[in-house]
Amino acid sequence: MADLEGMAIALIKGKKNDVESKVKEAIEEGVKPETILNDGLIAGMSVVGERFRRNLVYVPEVLISARAMKSGMALLAPHLSAGGVKPIAKVVLGTVKGDLHDIGKNLVAMMLQGGGFEIIDLGTDVPAETFVSAVQQHNATIVGMSALLTTTMPYMANVVKAIRDSGLKDVRTMIGGAPVTQQFANDIGADGYAPDAASAVEVATRLVPAKA
Ligand code: B1M
């Protein structure tokens, strides 16, 4: 019988092979893809995110769980799209121009993916015009930016401005990274700020406009 609780536990422990076999088993048994996603993978990743926020686990453990989640998601993805499960929203994500730090950004990507978002990851050293064209190309709802340097965080203001100047009125911006603060987000007119990967999911969820 499909073991979704075991899948979540395997993910929390970062046991990639166990997650993969449990996802395969559940798919073969005909468990709904969204049930596997919500009650297995996302349930496990939520625990990891919460433990990370409370400093009960650290970056290496999160990355190992994130890798397990990614493998499980890779097996599930074709079934999710075949079953018509829509992502909550598309997020264009990148580390801003001049900045090569991507460990935090990758964690945010994994947590958002685990939270039901589709991620268009632009990588690092991303100029404002690349954010803008990616939003237009993918019809994204949220632009997420990361910066780890005090010298690169001001560039986030350029991206916010470029998004506004392009007439993308319904697009929301959110920012994060070690030197970034809520005050800074307010100053540059970003719509959201998250101090860590777990709260990034909460912030992104809040930024998605409610459906009429
Ligand atoms: Co760099 N580096 N680094 N570095 N590096 C820092 C950031 C630094 C604080 C180290 C120090 O001096 N103590 C310092 C910045 C000082 C400053 O600006 N005030 C620094 C420096 C100076 C530099 C170089 C300039 C060094 C040099 O070459 N002289 C250089 C710059 C290169 C460049 O970017 N152009 C550089 C290079 C590097 C490496 C390449 C060696 C490597 C990066 C490897 C990589 O990312 N692939 C590196 C690393 C690893 C670090 C430290 C040690 C660790 C950063 C990290 O990954 N943290 C860092 C010192 C430190 O922080 N202790 C340092 C773990 C990660 C999980 O946290 O990224 O904060 P973080 O992400 C968190 C949150 O911030 C948040 O969620 C994440 C998970 O909770 N978050 C978001 C992040 N993005 C978000 C986006 C969101 C929401 C939340 O919404 C979209």
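Go through the stretch 111-162 and give me each residue that's part of a strand (DSSP E or B) and more than 7 Å from the ligand (Cβ to nearest atom).
E118, I119, I120, D121, V126, I142, V143
Listed here are the residues, each with its yes/no results for (1) open to solvent by less than 50 Å² (accessible area, probe 1.4 Å); (2) outside the structural domain of P195 (by TED's automatic domain parsing); (3) closer than 21 Å to M45 by Cα.
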position: Q113; (1), (2), (3): no, no, yes
position: G116; (1), (2), (3): yes, no, yes
position: V135; (1), (2), (3): yes, no, no
position: H138; (1), (2), (3): no, no, no
position: V143; (1), (2), (3): yes, no, no
position: P154; (1), (2), (3): no, no, no
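Examine the stretch 89-110 for a residue that is in a helix (DSSP H, G or I), of a type in the set (D, E, K, R) and within 16 Å of the ligand (Cβ to nearest atom), and state whether such a residue exists.
Scanning the stretch 89-110 turns up at least one residue that is in a helix (DSSP H, G or I), of a type in the set (D, E, K, R) and within 16 Å of the ligand (Cβ to nearest atom).
Would a scan of the stretch 45-52 turn up a residue that is at pLDDT below 95, in a loop (DSSP other than H, G, I, E, B), open to solvent by 70 Å² or more (accessible area, probe 1.4 Å) and under 19 Å from I103 (Cα atoms)?
No.
I'd like to verify a number: residues in the stretch 159-181 that are of a type outside the set (A, V, I, L, M) and either buried (at least 17 other Cβ atoms within 10 Å of the Cβ) or not assigned by TED's automatic domain parsing to the domain that holds A200 (or both), how many?
Number of matching residues: 4.
When residues of the stretch 173-201 are filtered for being within 8 Å of the ligand (Cβ to nearest atom), under 15 Å from L148 (Cβ atoms), of a type in the set (A, V, I, L, M, F, W, C) and touching a Phe, Trp or Tyr at 6+ places or on another chain (Cβ under 9 Å), how many remain?
Of the residues in the stretch 173-201, 3 are within 8 Å of the ligand (Cβ to nearest atom), under 15 Å from L148 (Cβ atoms), of a type in the set (A, V, I, L, M, F, W, C) and touching a Phe, Trp or Tyr at 6+ places or on another chain (Cβ under 9 Å).
Mind checking which residues of the stretch 182-201 are under 19 Å from the mean Cα position of the chain (by Cα), surrounded by fewer than 18 Cβ atoms within 10 Å (Cβ to Cβ) and closer than 19 Å to A140 by Cβ?
Across the stretch 182-201, the qualifying residue is only D191.
The values are calculated or read from the model by the stated rules, or taken from the named source; none is laboratory data. A quick note: this is a predicted structure, and the numbers were derived from the prediction, not measured. Every residue, glycine among them, receives a Cβ derived from its backbone with ideal geometry; neighbour counts consider all protein chains shown. Note: areas computed on protein heavy atoms with side chains; ligands, DNA, RNA excluded. Shrake-Rupley method; radii C 1.70, N 1.55, O 1.52, S 1.80 Å.
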